[in-house]
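Remarks on the structure that follows.
The values are calculated or read from the model by the stated rules, or taken from the named source; none is laboratory data. Predicted model only: the values in this text are computed from it and were never measured. Backbone-built Cβ (ideal geometry, glycine too); neighbour counts: all protein chains shown.
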C-alpha cells in the first residue's frame, strides 16, 4: 500500500477554493449566455414593450395596434413563402424555424413616419410567450416594399413625421399576405 500526504496551509486552501468557485461561476455564465433561448430575444409581452422596440428603429406608430390576432407559423416543409419570409427574419437576427407549427401573436401597427410614404405603412410584430420572435415593415403602396425593422436605403424615419391617415379605416393589404402566417381560430 502506498500513501501520499500533502500539507496545505490555510492560505493555499482558501486560494484553491476561490479558483474552484471562479471556474464553476465561469462555466455557469457561459452556459446561460450561450443558450440562445428566450432571454436573448427582445421582450414584447406588453404593448409598451412592442412600441419601445419599434422606437429603437426610429418608427413612430399609432399606440394601439390596428390588428392583433393569434396566427400559426406554417410548417417549414416545402413552404417557399415561409422560407422567403424566414430569410428576411434571419437577416435581422430572428429565426422562425423553431416556431414552425406553433401559434404566436401578431400585432400590426400603423407607421406614422415612414419616409416618402405614398400609402399606409404597417409594422408587424410577432410575439411568442412574451418575446418578439420576428416581424417586418410593409409599405402597402403598389410599388411598396416589405422589409425588416430597419428603414430601407439608409433612410431615417425620424426625419418624416407626416401622418399616413386615419388608422380606423385601415385594411390589411395584399402586400401583407406575403407573411407566412395563417389565421387560426382563437
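Considering each of 102, 90, 70 in turn, give the residue that is surrounded by fewer than 19 Cβ atoms within 10 Å (Cβ to Cβ), in contact with a strand residue (DSSP E or B) (Cβ under 6 Å, 6 or more places away or on another chain) and either farther than 22 Å from residue 141 by Cα or without any contact (Cβ under 8 Å) to a residue 24 or more places away in the chain (or both).
Values: 102 fails: in contact with a strand residue (DSSP E or B) (Cβ under 6 Å, 6 or more places away or on another chain); 90 fails: in contact with a strand residue (DSSP E or B) (Cβ under 6 Å, 6 or more places away or on another chain).
70 is the lone residue from the list that is surrounded by fewer than 19 Cβ atoms within 10 Å (Cβ to Cβ), in contact with a strand residue (DSSP E or B) (Cβ under 6 Å, 6 or more places away or on another chain) and either farther than 22 Å from residue 141 by Cα or without any contact (Cβ under 8 Å) to a residue 24 or more places away in the chain (or both).
Residues being within 16 Å of residue 65 (Cβ to Cβ) and at pLDDT 85 or above are represented in the stretch 143-153 by at least one member.
Residue under question is residue 89, and the condition is that it be within 18 Å of residue 152 (Cα to Cα) and not in a loop (DSSP other than H, G, I, E, B); does it hold?
Yes; evaluated as a whole, the condition is true for this residue.
Scanning the stretch 2-12 for residues that are assigned to a helix (DSSP H, G or I) and surrounded by 10 or more Cβ atoms within 10 Å (Cβ to Cβ) gives a single hit, 12. Would you confirm whether any residue within the stretch 140-147 is in contact (Cβ under 8 Å) with a residue 40 or more places away in the chain and assigned to a strand (DSSP E or B)? Yes, there is a match, as at least one residue in the stretch 140-147 is in contact (Cβ under 8 Å) with a residue 40 or more places away in the chain and assigned to a strand (DSSP E or B).
Identify, please: which residue in the stretch 73-86 is in contact (Cβ under 8 Å) with a residue 12 or more places away in the chain and part of a loop (DSSP other than H, G, I, E, B) and is, among those, nearest to residue 123 (Cα to Cα)? Write out each step before concluding.
The initial filter retains those residues of the stretch 73-86 that are in contact (Cβ under 8 Å) with a residue 12 or more places away in the chain, namely 73-76, 79, 81-82, 84-86.
Pick out the ones that are also part of a loop (DSSP other than H, G, I, E, B) and you get 73-76, 79.
Working: 73: 18, 74: 20, 75: 23, 76: 23, 79: 23 Å.
Checking each candidate, the answer is 73.
The residues of the stretch 47-72 that are closer than 11 Å to residue 107 by Cβ and assigned to a loop (DSSP other than H, G, I, E, B), listed by number, are 64, 65, 66.
Return the total of residues in the stretch 112-131 being under 18 Å from residue 60 (Cβ atoms), touching a helix residue (DSSP H, G or I) at 6+ places or on another chain (Cβ under 8 Å) and not in a loop (DSSP other than H, G, I, E, B). Within the stretch 112-131, residues that are under 18 Å from residue 60 (Cβ atoms), touching a helix residue (DSSP H, G or I) at 6+ places or on another chain (Cβ under 8 Å) and not in a loop (DSSP other than H, G, I, E, B) number 4.
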